[in-house]
1. Given R₀ = 35 Å, FRET efficiency for residue 85-residue 30 by Cβ-Cβ distance, to 0.05?
2. What is the projected area of the convex hull of the Cα atoms of the range 341-506, averaged over all directions, in nm²?
3. Relative to the longest principal axis of the C-alpha atoms of the chain, give the angle of the C-alpha long axis of helix 560-570, reported between 0 and 90° and rounded to the nearest 10°.
4. Would you mind ranking 100, 303, 39 by Cβ crowding within 10 Å, fewest neighbours first?
5. Quick one: work out the % antiparallel among DSSP beta bridges in the range 696-871, nearest 5.
6. Using r as the Cβ-Cβ distance of residue 248 and residue 51, and R0 as 30 Å, what FRET efficiency do you calculate, to the nearest 0.05?
7. Using a Förster distance of 56 angstrom, determine the FRET efficiency expected from the C-beta separation of residue 533 and residue 834, and round it to 0.05.
8. On alpha carbon coordinates alone, what is the Rg over Rh value for the range 530-627, Rh being the Kirkwood radius?
């Protein structure tokens, strides 16, 4: 298999409380051998109730499907049965009880006997053939101590009759924990919705009588089989209730085709009305029948409960639906085609998807329901993943981190008023660190906009400073073009774009002439070559320098391979800003570590010895402290960034990768630069010895930071993504932790406390399969600690290293530094490790240095959210 073919190997992801999303599968078939059509992305039902089997139709949402694993068993608990020629391995934890073993070879698999497997009960060949039929991977065998667990098959999914999905050929299961001794080549996934071992089948389909319709049977189904609004007959009539379930004067809500409808009983007749009052959308299902009228609970408007005619309060009738009572059941006609027509929101969200947006973080609420419905439809199709957070600020921080890691925008969705304003801090973080984010906010109805309606604020004014582009969506707008412009501004300017959706506009039918759009033909290459004049001046400085030092900022992230090649030609150290930590391994011969307040003496001394600074993609912030006294070449793709803080000897405008290539091409062969690598190695030796000394300090007030980050350096996976918060914990991380191939995310120029954990959520979404760590203090984590429940809900594999010193330690130190009394920095904390357990995650508390490594290692291998709470010394930072 070529590398390109390997990249195309199908993947399967289990959506939380939703379908199986399958990508790049070419072979999907039914139990009768019929091949089914496949698409690049498919959503397969796993709630067992879809009317479009095997495809998901969104029914999981209306029935409240719960995808959690609820069995108390382990993922695998394997037993081995040793025979004379073959050993049979049996893993009861993943058995789907398909019966191929007990039915096919009962002389070996003996129900009701103990031991129940006899490896000498048949020939080796018969046993092997029977084991190969096991679809779940529960059975394998060993001969001469060599285990045979997998088979050589092409990727495929077979839909078994009245049973699970049989998955073969190594279709990668992305986001579910697996046992250590199970087949990765084949497994069975629950399709009835009832398994206690979700997503895997545990045989529940047998007990609940799960059945598949044979093609052709559906048309012959009896009308009496129609129930709960899930199926309609050929004429569109849907059975929604039994007649004895609706008493005189009662209001009952049912759902048909995703639409809420109220059933009423009045004077012995049944009525069916739209559940929303035409005034301001009041919930009629929460109203009452009073004096023969169905009254809206918000403003008391009265309607005929059978016809929906407006009798008191207004002139707009409530839409009604035909009703029939037959065979003891109440039937209504399905919603009209207009109810399922493409909306403005559908067009805009599909355009957003076409731009490559794959994740939306947010909270669904009363003033964004139309947009939320459009997002839901895309999630059902498998093109979007929606993550529901507990606070909108976490959504915008997650989007910011997503963009910092991937370079691509994610979207955050909120209601009007407070939901929208809660986004602002995370959006400012994205703006100041120059990354693309799309904000989608609801707004009150335009009919009440202006006088000061509930939750109405001037969102255009509120977002004017934080966004590079902000527009209100109107019914007459060019809707796909608005989304195009939003994402073009976000992408090209690396900034925040904002769209405001008035409530009623979201659900309006789209103009039939408007089609979803996308980025084709709208984005040009950004590889800007530097002017020859600037490059000539830079080359003259480089040719004359004996001790050049390279400094890289976050802006050089994508050009590091070329920058390292330049350092190798110049025999020079590479210093990073704190935001660029991890862009070169600290074990690399040219690495000099971080410069500035979060840095090390290795970097500081290397800069002080330099006679030329070559700076790529850095901002010259006070925090970094790049010397203004040294001759400097600054290269940046942003013209405003050149000489922003002070005059630069040689400012060079150009794409960093292109510029470094030009420099490499023009470097003379007789450079005067000396080899600084020996000095650099000596500085690292001295600093590492000092770190070891500090790691042994113990004042009896908790674990010191040098020891904490030495342990994290030893235990963190080499390619982990690490989101760091703000505070002493972050200074210590920058100073003591040594990166290998790690990626570090931070709130750089805004420096917002609370960033760490929501950022880790964004990183989890942006880098599936990567190990995600959050480094935070008790102050920062406390600001968004409820999001730990979000991580549990979505099974986010995030390990949080939480330094608990009982205070805002950085502020305490600052008060001491200016000889002020320490005041109001103390914190009253819960036991964070126990909090993690209460939320359904993993938690461990550490109070001693010798506990660090085991605690961190155990949390990292845990499949899901985990907290390592370290009782730390606020003085030993």
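1. Details: r = 38 Å, r/R0 = 1.08.
The pair residue 85/residue 30 has a calculated efficiency of 0.40.
2. On the way: hull surface 33.9 nm².
Value for the range 341-506: 8.5 nm².
3. With rounding to tens, the tilt is 10 degrees.
4. Working: 100 18, 303 29, 39 14.
Placing the least packed residue first, the sequence is 39, 100, 303.
5. On the way: 1 of 25 bridges.
Roughly 5 percent of the DSSP beta bridges within the range 696-871 come out antiparallel.
6. Details: r = 33 Å, r/R0 = 1.10.
The pair residue 248/residue 51 has a calculated efficiency of 0.35.
7. Working: r = 64 Å, r/R0 = 1.15.
Using R0 = 56 Å, I get an efficiency of 0.30.
8. Dividing the radius of gyration by the Kirkwood radius yields 0.94.
Every read-out reported here was derived from the displayed coordinates using simple, explicitly stated rules and does not represent laboratory data. Since this is a predicted model, take the numbers as computed values, not measurements. In this analysis, Cβ positions are derived from the backbone assuming ideal geometry, glycine residues included, and neighbour counts consider all displayed protein chains.
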